[in-house]
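Reading through the structure tokens given below for one structure.
None of the figures in this text is laboratory data; all of them are computed from the coordinates on show. Because the structure is predicted, anything quoted here is derived from the model rather than measured. All Cβ positions, glycine included, derive from the backbone under ideal geometry; neighbour counts span all protein chains shown.
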Amino acid sequence: MKTVIKNSMLFAMLVIALSFGARVFFNTPVYLSDIGGLGAFLTVFGTLYGILIAFVVFEVWGQYNKAAGLINLEAQALERLYRLTLYFRDAELARRMKEAIFGYANKVIEEKFQTLGSGGRNKENSVLFRKISLVIRDIRFDDDHDQVVFSQILDHYGHLGEIRTERVKQSLERLPTLLKTFIYASSGLALFSFVVMPFASFFYHALAIGGLGFTLTMVFQLIEDLDNPFVGHWNVTPEPFERTIKHIEEDYS
């Protein structure tokens, strides 16, 4: 967070310096009579720009929260799968299931979603996830109780697979390149308009352009970070999988 604020402050000082240079080079106070037309343009443009930025921030924030929520759901579903396995009252089956779940969860923790952050998929994780299905496939039962539990385990594993697929899909979604390009171009136009805007007092000019530069830099960093939940200052971590391993070790030993 400190880095984000520092970057925003540095950019704010940069645009203040640029505005001072533009003020001297273009002698902008001469054009004070045109400030009414420029103000009307910025009012219309600023309204449309504000709506666009609000929409984009809302969208990437929603994607970030959804990815984090699906990671939590997947970790909880792994724990529930192990809990269902205990109903078979088979120590060997419970051991194999625990080993398969831990193998998959530990790989996710070790990898820390780095492959997803770079836009790819980790095939080793998929192989380890399928090992859980092999444990389920080898289940043998000979009474109605086991048959009921087996049906629930099959349903739950299918649901777990759907959560995992949705989690991976959500983690790979990014804002369209064209939309991001339009946002940056619009932001550049807004910033340039304020840099060359005629102000009678440089103090108020510096205050306005510095505040705008600081805010835009914060927004850009927020969008870039939240668009990819595994890279940047605000990251989704595999902590839910760590909690699942801890709960299984401590609560079902």
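For this structure, a couple of remarks:
- Dividing the radius of gyration of the alpha carbons in the range 9-82 by their Kirkwood radius gives 1.37 for Rg/Rh.
- Three semi-axes of the equivalent ellipsoid, the range 1-141, Cα gyration tensor, whole Å, largest first: 60, 17, 11
- Signed unit charges on C-beta, dipole axis of the range 2-251, positive-most listed residue GLY211, ASN235, SER171: GLY211
- Relative to the longest principal axis of the Cα atoms of the chain, the long axis of helix 239-251 lies at roughly 30 degrees.
- In plain terms, the bigger the Kirkwood radius, the slower the diffusion; for the range 2-251, with that radius from Cα pairs, at 37 °C and 0.692 mPa s, Stokes-Einstein puts D at 150 µm²/s.
- Degrees, to the nearest 10: 177-195 long Cα axis against longest axis of the chain: 30
- Stretchable slack from HIS159 to GLU250, in nm (0.36 nm times residue separation minus alpha-carbon distance): 30.2 nm
- Using a cutoff of 8 angstrom between alpha carbon atoms and counting only pairs six or more residues apart, the relative contact order for the range 29-150 works out to 23 percent.
- nm² value of the averaged projected area, convex hull over the Cα atoms of the range 68-172: 6.1
- For the range 63-115, average projected area of the Cα convex hull in nm²: 4.0
- Counting every alpha-carbon pair across the range 185-253, the share separated by more than 14 Å comes to 72%.
- Peptides 211-217, 229-235, 200-206, ordered by how many other C-beta atoms sit within 10 Å of their residues on average, highest first, read 211-217, 229-235, 200-206.
- Acute angle (nearest 10 degrees) that the helix 202-227 long axis makes with the longest principal axis of the chain, alpha-carbon atoms: 20
- Calculated FRET value between THR43 and GLU111, using beta carbons and R₀ = 30 Å, to 0.05: 0.05
- The range 118-253 - convex hull of alpha carbons, volume per residue in Å³: 158
- Å³ per residue enclosed by the Cα convex hull of the range 141-218: 105
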